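What follows is a set of notes on a single structure, which appears directly below.
We did not get these values from a lab; they are worked out from the coordinates using the rules stated. Note that the structure is predicted; figures quoted are calculated from it, not measured. No Cβ is skipped: glycine too gets one built from the backbone with ideal geometry, and neighbour counts run over all protein chains shown.
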Amino acid sequence: MQNALWRHLLCWVGVCLLSGCAPYQLGNTALFPQNIRTVHVPIIRNATFREDLGVRLTEAVIKEIELRTPYKATADPLADTVLRCEVVNETKRVLTENDADYVRALDAAIQVRASWSDRQGRLLMKNSIVPTDDLTILFSQDERFVPEAGQSIDTATQKAIEDLANRIVSQMEARW
């Protein structure tokens, strides 16, 4: 009799713990708006002299969307939403030199403007920390590289592109 009472009490406690004010969702779907299924990512425009940055960033953003979100990246311009980006700046600067003026460490930086909107043109990605009248959010990523250690501008740029794609997709998460 007492064993059945404990089982009944444990079941009731379990039901109480699982129910709450709002339904609990598991996985990455809880992080993103639920009314969206598809995202169109046009080829990212590139305003710099490095021709391949836009294409490489487009591939990285699509990969991040497919990997981390419940959304499907599509080539259809009539998708539920559109993520538009533009590479606005790319720089390389010397950080340190040795006594003979040989470069020891450099910094590669990429800046991207991004906006995410639905079919009606409503912005879905907003900068809530510093509200501005600008319709885009500016992302900037720096990567340090040391040529003496076998690193190059290409490896630093690729790392910056991957980090930018991660940060852009992170901004697609639903606000609390």
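Details
- Taking 0.36 nm per residue of sequence separation and removing the Cα-Cα distance, the residue 118/residue 142 pair yields an extension gain of 5.6 nm.
- In whole percents, the pair-distance distribution calculated for region 52-176 from its alpha-carbon pairs, binned every 10 Å from zero, is 12, 38, 29, 14, 6, 1.
- Label zone at residue 78, where the point sits 7 Å out along the Cα-to-Cβ direction: region 108-127 residues whose backbone N lies under 14 Å: 119
- Global geometry of region 41-102, whether rounded, prolate or oblate, following the gyration tensor of its Cα atoms and the 1.5 cut on a/c: prolate
- Pairwise FRET efficiency - residue 67 versus residue 107, Cβ, R0 = 30 Å, nearest 0.05: 0.60
- For region 159-171, Karplus couplings with θ = phi - 60° (6.51, -1.76, 1.60), whole Hz, Gly/Pro x: 5, 5, 4, 5, 5, 5, 4, 4, 5, 5, 5, 4, 6
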